[in-house]
Each structure stands twice: as structure tokens, then as C-alpha cells.
Amino acid sequence: MYLPDFDYIAATSVAEASRLLASLGPEAKILAGGTDVLPMMKQETIAPKTLVSITRLDGLKAISLEEGRGVVIGALCTHNEVMKSSLLQEKYLSVCETAHRMANNQIRNIGTIGGNITNAVPSADFPPILIALGATVTLQSNSGSRSVLLEDFFTGPRQSVIRQDEILTEIVIPVNGFNGSTYHKFGLRRSGALAVVGVAVAVVMEGDLCKDVRIALGAVAPTPIRAREAEALLRGKEINDALLEEAGKLAAAASKPISDMRGSAEYRRDMVRVFTRRCLRKAIDQGHV
Amino acid sequence: MQAIQDKEGVKRYLITLYVNGDSYTRVVKANTLLVNVLRDELDLTGTKKGCELGDCGSCTVLLDGKPVNSCLVLAVEADGHEILTIEGLGENEKLDPLQEAFIANAALQCGYCTSGMIMSAKALLNSNPNPTEQEVREAIAGNLCRCTGYVNIVKAILSCAQQPEGGSE
């Protein structure tokens, strides 16, 4: 299986990449890890005339704690770099666990977190947990830089608010009070499988009292979504099992899944109920201490 | 990286790869894949092509020490990087202990997945000389084998693990 012909340009700065993407228009695509773009080109799903490689932009490969901003993850960090980051393991282990359940080792060594977001595939694993943690993404172009709440980034399957000349440069998890968080991916295999249902939960617990909670669902709607009714039910309440079951039902009602070869809509909806309850229990137990 | 335009106007790129300790300079096109340079240009046909979409792992090589699917890496992107293929294991006529272990444990039948499997295992043992069975299974989760059922592959890799400190019980 060979790749069709295309032009290749290795950008040496974000500004150069933005300028190229602006002048070449929609027939140019960004190449980062390439684990999504190259298979799509081989299968003739897409046929870009130019690939603008950003892999040499070393400034987008760090994970750091920035005063007043929070944890900043460079868009070119690979899934394995996210998984092994000691800073993330200390602050948000749930993000590392999410990376660990993605694809397989070979793909995790080249696929990037920025690519996982910008592809805007509904079943992508990073978006639900990052949305639950209130993350923003920085979109940079030569006309400036803007910060977008990840929750508002997606507009449909493979569609987002990113403009042709913009590059997603970093993901920021702001300073927040969440003391428990988790992502549960339900896939048909332990490895190398897309999520049939993905549920992420972040909570602020004070003893049994749920001060705040966010629930994000992946693979069960055209974009990742928040289960706001379920969140509202739990916020400010003392948590018990009946409440968690009810929250699961509300989250299932908020989902709009499709039927495909991985599962029927009915099955997915019921799994949202089950995994929302389980995720809530796990995040709450973490935050309880 | 130097780009050259030929008579037909096709751009070609001068790249240098460090494969199994040797340096190779080649002219490639933008759409040339690393796996095709290895197999067609350098005659290193130990690296196999299977699905060519990043699912099967038969094209696994180590890029700067990390296992990757060479069918998903552009040759131009590998410019200046170190690559280890199955041919780079062992010395002269002596096989790598992992290769010996695969033979001793009958860890292959048709053999098509074997080079990729061994490269994934090599990367694991380099970073974690004494893995658990779970860690071995995770490390080769991106390498599909349709013959063996994996049992003997896992056994072979575990047999190459160092004894835990203090020796065996």
C-alpha cells in the first residue's frame, strides 16, 4: 500500500507553519504523528497536495507546570510521553491512564495528543478526560493566539472550530480543585481498539459531600459531550449509591449514540449508565480521602 | 534536509539514516515510507509489511530506541535518526538471546510476525529487563500473530528476563 504523491515541507516554526497553511489553503494538511493522516491517505479517504510537517517544532514537546496557568502539555507530546510524565502522574494520573489504554505501544510512540484532539474523532480518548478537567487548547496563527475551552472545540465528527491557518500548540489543564478523576474506556479489546463508550469524571469531594462534578462522554454523540443533568443532580449532595445510579440514567439519557459494527445505540446508551456510575464511584473514592 | 527537483519537477530529498549502526545517505520522495527504504533500498527485508496501516506490527523497528510501525513513518521524517531492525540484533553469526529464545520455545510458526515481535520485545527488555507477564503482553499488544496463540512467544520473552535481584527462589 503506497502513498499518493504529495509535496512535503518541514516547518521550522509555528509562524512558518501557519503562513504555509494560510497560503496553501485546505489542500494542505498538518503532519504531526501521522498515525491518522497517513492511513487515511493510503486508503484515499483524503488526498492533501501538501503535508506541512510540524514534527521538528521542539517547543511543542514539553509538559510543564506554569505558575497561574496550570499544567501545560505541548501538542506534540506522544501518548507514551503523556503516560510516562512524572508531573502528570503526580497531578492527573487519570490523563496518564487514558494514554495507557490508547491504541498500542508502536502507535503511542508516534501519535500525538494534539493530533488526537484536532482529528475530532468522536471516539477519541483524550477529549473526555480533558473536558472533565476543564482543559483549554491554545490555537496559534499569524493573526494571533486564542484559547478555546476544549468543550467548545468540537463541532461535529472530524470537525472543530480550528481555522485552516491555526495550529493547536498546547493543552492547558487549569488549576482546579478536583481531587478525584478517572476515564473509563469500554472497547472490544484491551489494546488497539476504539472506544465503544468512553466516560470521564472529575469531582471535588469534601468528605461525603460532592462540591463539584463534571461528567464527559465520548463515542456516544457526534462530539464529546457533558452530562449536565447528571452533574446537577450530584452537585452539593451527600453521595449515596442510589444517587449514582440515578446520575447514570441521566447521563445515558443525554447520550445520542449511533449503531455500528462496534455496538448498537441501545447497548451504548446502557453502557453509558453503567460506566458513568462506575466512574463516579471511582473518582469519589479517590477524592474522599 | 536538502530538496532537489528533477526534470519532471518531482521533489526529492537527500536523507541520512543511521541503520543498525551504519550510516546510509539516500535520495527519496516525499511519499517514500521508511519500511520501503529499509526493504527496497537497503535490502533489509527482515522487516515485513503486513496491513500497512499500523494495526499488525509486522513492520516494527526501533526509532531512537522506541518501537514504531515503519509503514507509518515517512523516510524524510526519519532523516538523522537511529534505526534498529531485526538484522541489527545479534553479532556476526551469533543470534541475539531473544532470537535464540524464540527458537528454543517454538515461538513461531509461519514466522511473518516474528521480526516485529522480537523488536517490540527488545525495546521492552532494554527499558525493563525484568518484566512481568502482563508487561510482556502489553508490549507486544501491537504485534498480531495468527499462528501461535502467543503463549510460546510470551514464554520466550520471559525466558530472556533477568533473574530478579537476589537470584531465583
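The values are calculated or read from the model by the stated rules, or taken from the named source; none is laboratory data. Bear in mind that the values here come from a model prediction, so they are computed numbers and not experimental data. Cβ: placed from backbone, ideal geometry, glycine included. Neighbour counts: every protein chain shown. SASA here: full protein model, heavy atoms, side chains in, ligands and nucleic acids out. Shrake-Rupley method; radii C 1.70, N 1.55, O 1.52, S 1.80 Å.
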- Qualifying positions in segment B:1-19 - touching a residue at least 24 places away in the same chain (Cβ under 8 Å), part of a strand (DSSP E or B) and either surrounded by fewer than 17 Cβ atoms within 10 Å (Cβ to Cβ) or outside the structural domain of residue B:70 (by TED's automatic domain parsing) (or both): B:16, B:18
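From the residues in segment A:177-214 that are part of a loop (DSSP other than H, G, I, E, B) and away from every other protein chain (no Cβ under 14 Å), which one is surrounded by the most Cβ atoms within 10 Å (Cβ to Cβ)?
Selected residue: A:178.
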- For segment A:169-183, does any single residue satisfy the condition of being under 25 Å from residue A:113 (Cβ atoms), at pLDDT below 95 and out of contact with any strand residue (DSSP E or B) (no Cβ under 7 Å at 6 or more places or on another chain)? yes
- Within segment A:148-176, the residues that are of a type in the set (S, T, N, Q) and not in a strand (DSSP E or B) are A:164, A:176
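Take the conditions over 25 Å from residue A:108 (Cα atoms) and at pLDDT 95 or above and apply them to residue B:126. Does it pass?
No.
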- Query: If residue A:236 passes every condition in (1) on the phi > 0 side of the Ramachandran plot; (2) modelled with pLDDT under 95; (3) not hydroxyl-bearing (Ser, Thr, Tyr) but one, which one does it miss?
  - Reply: (2)
- Task: For segment A:90-99, enumerate the residues that are open to solvent by 70 Å² or more (accessible area, probe 1.4 Å) and under 18 Å from residue A:128 (Cα atoms).
- Result: A:91, A:93, A:97
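Among residues belonging to segment A:125-149 that are of a type in the set (Gly, Ala, Ser) and crowded, with 24+ Cβ neighbours inside 10 Å, point out the one that is nearest to residue A:35 (Cα to Cα).
The qualifying residue nearest to residue A:35 (Cα to Cα) is A:135.
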- Query: Condition test on residue A:69, is it of a type in the set (Lys, Arg) and away from chain B (no Cβ under 13 Å)?
  - Reply: yes
- Which residue out of A:67, A:44, A:81, A:27 is open to solvent by 10 Å² or more (accessible area, probe 1.4 Å) and at positive phi? A:44
- Query: Do you know which residues across segment B:20-76 are at the interface with chain A (Cβ under 10 Å from one of its Cβ atoms), assigned to a strand (DSSP E or B) and open to solvent by 10 Å² or more (accessible area, probe 1.4 Å)?
  - Reply: B:29, B:63, B:66
- Among the residues of segment B:98-130 satisfying the criterion of being part of a helix (DSSP H, G or I) and exposed (fewer than 14 other Cβ atoms within 10 Å of the Cβ), which is farthest from the chain's Cα centre (by Cα)? B:104
- Task: Check B:96, B:79 and return the single one that is in contact with a Leu (Cβ under 8 Å, 6 or more places away or on another chain), within 11 Å of chain A (Cβ to nearest Cβ) and either of a type outside the set (Lys, Arg) or touching a residue at least 60 places away in the same chain (Cβ under 8 Å) (or both).
- Result: B:79
- Query: If only one of A:36, A:58, A:7 is within 11 Å of chain B (Cβ to nearest Cβ), open to solvent by 20 Å² or more (accessible area, probe 1.4 Å) and out of contact with any helix residue (DSSP H, G or I) (no Cβ under 8 Å at 6 or more places or on another chain), which one is it?
  - Reply: A:7
- Restricting the search to segment A:39-54, which residues are within 13 Å of chain B (Cβ to nearest Cβ) and either of a type in the set (A, V, I, L, M) or in contact with a strand residue (DSSP E or B) (Cβ under 7 Å, 6 or more places away or on another chain) (or both)? A:40, A:41, A:47, A:48, A:49, A:50, A:51, A:52, A:53, A:54
